[in-house]
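First comes the structure, then the notes that go with it.
The values are calculated or read from the model by the stated rules, or taken from the named source; none is laboratory data. Since the model is a prediction, treat every value here as computed from it, not as a measurement. When we count neighbours, we look across all protein chains shown, and the Cβ atoms used for this are built from the backbone with ideal geometry, even at glycine. Heads up: the accessible areas ignore ligands, DNA and RNA and are worked out on the full protein's heavy atoms, side chains in. Shrake-Rupley method; radii C 1.70, N 1.55, O 1.52, S 1.80 Å.
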Amino acid sequence: MGKESVAYAPPHPAPLPPNGAERGIPPALETRGLDKSFGALAVTHAVDFRLERGARHALIGPNGAGKTTFVNLVTGALRPSAGAIFLDGADITPLSQDRRVKLGIARTYQINTLFRGLSVLENVCLAIGERLGLGGRLFRPVGLRRDVIEAAYALLERLRLAEDAGRLVRELPYGRQRLVEIAVALGLEPKVLLLDEPAAGVPSAESGIIVDVIETLPADLALLIIEHDMELVFRLARRITVLVQGAILVEGTPAEIAADARVREVYLGERTRH
Amino acid sequence: MSAAATPAAVPEAVRALARRHRFRAYETLPWIAAIGGYFLFPDYLALGAQVFIAILFALATDLILGYGGIITLGQAAFFGAGAYACGLVSAHGWGEPLSLLLIGAAAAALVGFLSGFVVLRATGLTQLMLTLIVAVMLQEAANKANDLTGGANGLQGMEIWPILGLFPFDLYGVAAYLYCLAVLFLGWLVLRTLVHSPFGRSLTGIRESEARMNAIGSPVFRRRLAAYVISAALAGVAGALAAETTQLVALDALSFDRSGGVVIMLIVGGIGRLYGGFIGVPLYMIAQDRFAEIDPVYWYFWIGLFLLLVVLFARGGMIGLGETLWRRLKFIPLRPWGRRG
Amino acid sequence: MTEAVSAAISIAFHGLAFAMVLYLVSVGLSVTMGLMGFVNLAHGVFAAAGGYVMTTLFNDYGVPFPAAAAIAAIVVGAASVAIERTLYRRFYGGDELDQVLLTIAIVFMSVAAAKYFWGSSQQPMHPPPYLSGQIEVLGRDFPTYRSFIIASGAVLVTLLWFGLDRTRLGAKIRASVDNRRMAQSVGIDTSGLFSFTFALGTGLAALGGALGAELWPIFPGYSLDHLIYFLIVVAVGGLGTIRGPFFAALLLGVADTAFKYLLPEFGSFFIYALTLAVLLWRPKGLFGQIGRT
Ligand SMILES: Nc1ncnc2c1ncn2[C@@H]1O[C@H](COP(=O)(O)OP(=O)(O)OP(=O)(O)O)[C@@H](O)[C@H]1O
Ligand SMILES: [Mg+2]
């Protein structure tokens, strides 16, 4: 189904497929020839991307590179102009966003997008409820699903949000709301987790919580993390993809990326401005 | 700062959420008032029945407006569809009131289902306009289909049989009062169940953030459509009740006044709280009645002023105002939590 | 055959005149909706106010019709700033429901006020002699008054579009409609801009109400009775656009005239059906921008 994208093939040799692919297991997530334009503005350009099972993969790139747009394409919030998206080898391009989530893709938002008028606990309960397929149930009150509420609470404890469980999201400082973003995404128990700048706006004292949580994610979960904080990227990621102006510039291990001259030029130049 | 290790005791937040759907003492108040009204104001039972109908209509509207976040100025489409369906069937020889309510509900649900596909794909002002258009279209159709609906003269020849075959509608409105009260109670139970159900909570989620609801895998359009159809069906029941109790259906069942009126009453009472209608409807009806008596020509100036004051000084309507005052009185420091981060 | 042609010409002509009035009255609503995100159900009040001011000046004080209409636009535009600053402003970016309630309250109060000051009947409107009768264009007679509406409408539309495209102020307005936060961050005084844009929109509405007083008679219920038409123009055109509502008004004006001429027994039914069809096809309107909500 996926389009061949030979014409747009990046100018560097394709990265070596790590472990899983050698054994013929399809990657958790794959995009082929993904394009997206808004009117005349091409924001994503022939992106061929693989996210292996169990990956700890970072997507970096200057502001406006198209990282968030990539997440929106993968989750189905946006429709690609061309190209295809595969989850566990199955083409999910035509599927709606809710179907993709049910298949195991979860994301957080770069700018908090939460149920601001609901309690922290209920934010997570809603996610868990949807995962369990309860969302359409008309009769039995939510309150009788003690299991859901307790699972949500346990998740909040993991993110050290338990003391705020009963407060409305909009009453929390922005940084703590960032943690709620993660809690909601984890409530979906995803196979593929896309974190869009999870640490942006989090006070440094609390970003350790994020690192801890990421380090204790299930081993087979495929994680894609978008982050501007290089310290965090190099600490967490085992692979890094650099996106520049909507196209993949280079992909490799942290060591390779750190040594790459083009990355230094494009990205680190950008960082000093940041 | 770090999370206090919670002992075996159930955390407060969990307990609160698990108990939220339980009945509270104050929830009996409307019903006590309604039963009290029966004995205190025997001359006003017919009016009371109409108030119950209006409250039921407001409840139906609250589901999509207060919980679903769909701003509608076209609820009369469903009220009118229910009323006309009920009226037409009864004028053609079937007058059993309970089944007529179901017929009204089905007709309105159908209108809701079909119009939902257009209305719910739009947002904001466009959506509001579409709700309005659906109602005026039906009104225009009812007006022009003279032979069927009686057009501007209203539908003639309705005949409603006794309720359950036992209680005929009487001149004093005794049967109507109790019948409408019973239907309102059932409607309220249904709605109360719905808003506490996972479905109801997911509607609230959609109102709070559609993007996030999408991102947790909720089929947002389908949920909205379901809410729209349920709301329409309940509004249709209200319309059918109105047709049965007055033995008349006229074009005003589909009018803008009715659509706008129910929204105003709901906002005055407080939306998204299930009780907005119980407070807003009587309050607005009384205000309207008083102003019309004091100043029969310019009374809607005063209604307008009243609404202006509500929107400026009573956010969340009367219930919102009450909650704010209550909080102020109860704990003076509104935020006992320290600031973090 | 010739009958059909002259019917078509007649429909196009009257439809165009109607469209001009519709556009002038509605364009401000589209801009305030796009710029301030404000659901303004009271927009028609300003058109009615323009009509009242004009008919009063024209009928009671003998002010020439064009001057009376211009004064009406300026007076209403200026006065609306007071309302914008005291009432509307508090609700920018707020709950749409509050905006609905606020503007319905304003409609109610203004309807009663109009009744108090001018009575419940229509304002008499007899065009001055030089705008009465017919004028001949290409061997055909056209009502002078409506020709005047079309001509002045065309001039105004040109001025408006030119102004928004070519002036600094226009650029600021467009930038703010596109992205308010961005506009603020590059130092545009959005508060002043809102007031100005609001005044411009209400002034145009007042002008539309005044010029169209013969097509749409001025009476207390004006703002409510025609509300649905304003909303259709804005929604079909695409919120926040300037040109969209023009084409929507054209479509609505001509279609409405045609339906009422050809199928009078169905009233406005087909207009509503047409609107539903257009919005089912394009929920953001004909010219609605992609990615905007
Ligand atoms: N809905 C949209 N309509 C038009 N242009 C858009 C839209 N969404 C994004 N863009 C544009 O696409 C480009 C990429 O945006 P994107 O948000 O994906 O970048 P990003 O890499 O996430 O940047 P950042 O690091 O600032 O988050 C930007 O130029 C942006 O202006
Ligand atoms: Mg981004």
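Conditions (1) open to solvent by 30 Å² or more (accessible area, probe 1.4 Å); (2) over 14 Å from residue C:211 (Cα atoms); (3) in contact (Cβ under 8 Å) with a residue 12 or more places away in the chain, marked per residue:
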residue: C:3; (1), (2), (3): yes, yes, no
residue: C:30; (1), (2), (3): no, yes, yes
residue: C:39; (1), (2), (3): no, yes, yes
residue: C:55; (1), (2), (3): no, no, yes
residue: C:64; (1), (2), (3): yes, no, yes
residue: C:69; (1), (2), (3): no, no, yes
residue: C:73; (1), (2), (3): no, no, yes
residue: C:83; (1), (2), (3): yes, yes, yes
residue: C:90; (1), (2), (3): yes, yes, no
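If you go through segment A:47-59 one residue at a time, do you hit one that is open to solvent by less than 10 Å² (accessible area, probe 1.4 Å), within 22 Å of residue A:190 (Cβ to Cβ), outside any loop (DSSP other than H, G, I, E, B) and near ligand 1 (Cβ under 9 Å from one of its atoms)? Yes - at least one qualifying residue is present in segment A:47-59.
The rows are residues; the columns are (1) touching a strand residue (DSSP E or B) at 6+ places or on another chain (Cβ under 9 Å); (2) at pLDDT 95 or above; (3) not hydroxyl-bearing (Ser, Thr, Tyr).
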residue: A:45; (1), (2), (3): yes, no, yes
residue: A:49; (1), (2), (3): yes, yes, yes
residue: A:53; (1), (2), (3): yes, no, yes
residue: A:68; (1), (2), (3): yes, yes, no
residue: A:71; (1), (2), (3): yes, yes, yes
residue: A:107; (1), (2), (3): yes, yes, yes
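Return yes when residue A:239 is away from ligand 1 (no atom under 16 Å from the Cβ), surrounded by 21 or more Cβ atoms within 10 Å (Cβ to Cβ), more than 14 Å from chain B (Cβ to nearest Cβ) and closer than 28 Å to residue A:62 by Cβ and no when it is not. If you could, list the steps in order and put the result at the bottom.
Numbers: away from ligand 1 (no atom under 16 Å from the Cβ): yes; surrounded by 21 or more Cβ atoms within 10 Å (Cβ to Cβ): yes; more than 14 Å from chain B (Cβ to nearest Cβ): yes; closer than 28 Å to residue A:62 by Cβ: yes.
Yes, satisfied.
Considering segment C:274-293, and only residues there that are part of a helix (DSSP H, G or I) and more than 7 Å from chain B (Cβ to nearest Cβ), the residue that is nearest to ligand 1 (Cβ to nearest atom) turns out to be C:281.
Would you pick out the residues in segment A:28-45 that are more than 15 Å from ligand 1 (Cβ to nearest atom) and either aromatic (Phe, Trp, Tyr) or in contact with a Gly (Cβ under 6 Å, 6 or more places away or on another chain) (or both)? Step through it out loud before you land on a result.
So the first thing to find is which residues in segment A:28-45 are more than 15 Å from ligand 1 (Cβ to nearest atom), and the list is A:28-30, A:32-33.
Result: A:32, A:33.
Taken together, the residues in segment B:196-233 that are open to solvent by 10 Å² or more (accessible area, probe 1.4 Å), over 20 Å from residue C:95 (Cβ atoms) and part of a loop (DSSP other than H, G, I, E, B) amount to 1. Within segment B:12-61, the set of residues being surrounded by 12 or more Cβ atoms within 10 Å (Cβ to Cβ) and small (Gly, Ala, Ser) comprises B:13, B:16, B:18, B:33, B:34, B:37, B:46, B:48, B:49, B:54, B:58, B:60. Taking segment C:30-119 and the helices (runs of 4 or more DSSP H) fully enclosed by it, the elements with 2 or more residues that are more than 18 Å from the chain's Cα centre (by Cα) are at C:65-86, C:96-118.
Restricting to segment A:29-70, give me the number of residues that are of a type in the set (Lys, Arg), within 12 Å of ligand 2 (Cβ to nearest atom) and within 14 Å of chain C (Cβ to nearest Cβ).
Selection size over segment A:29-70: 0.
Can you tell me how many residues in segment C:139-150 are touching a helix residue (DSSP H, G or I) at 6+ places or on another chain (Cβ under 9 Å) and not in a strand (DSSP E or B)? Looking only at that region, the number is 7. Can you find a residue in segment A:96-112 that is more than 12 Å from every other protein chain (Cβ to nearest Cβ), away from ligand 1 (no atom under 16 Å from the Cβ) and at negative phi? No, there is no match, as no residue in segment A:96-112 is more than 12 Å from every other protein chain (Cβ to nearest Cβ), away from ligand 1 (no atom under 16 Å from the Cβ) and at negative phi. Checked against (1) more than 14 Å from chain B (Cβ to nearest Cβ); (2) surrounded by 24 or more Cβ atoms within 10 Å (Cβ to Cβ); (3) more than 25 Å from residue B:138 (Cβ to Cβ), residue C:181 passes all but a single condition, namely (2). For segment A:178-210, the set of residues classified as part of a loop (DSSP other than H, G, I, E, B) and either touching a Ser or Thr at 6+ places or on another chain (Cβ under 6 Å) or not charged (D, E, K, R) (or both) consists of A:188, A:190, A:198, A:199, A:200, A:201, A:202, A:203, listed by residue number. All of (1) more than 13 Å from chain B (Cβ to nearest Cβ); (2) of a type in the set (Gly, Ala, Ser); (3) buried (at least 19 other Cβ atoms within 10 Å of the Cβ) hold for residue C:240 with one exception: (1).
Listed by first and then second residue, the pairs with beta-carbon distance under 9 Å, at least 6 apart or on different chains, first residue in segment B:284-308 and surrounded by 18 or more Cβ atoms within 10 Å (Cβ to Cβ), second of a type in the set (Asp, Glu) and in a helix (DSSP H, G or I), are B:299/B:293. Which residues, taken from segment A:165-178, are closer than 23 Å to residue A:230 by Cα and either more than 10 Å from every other protein chain (Cβ to nearest Cβ) or of a type in the set (S, T, N, Q) (or both)? If the condition is that a residue be closer than 23 Å to residue A:230 by Cα and either more than 10 Å from every other protein chain (Cβ to nearest Cβ) or of a type in the set (S, T, N, Q) (or both), then A:177 is the only one that fits.
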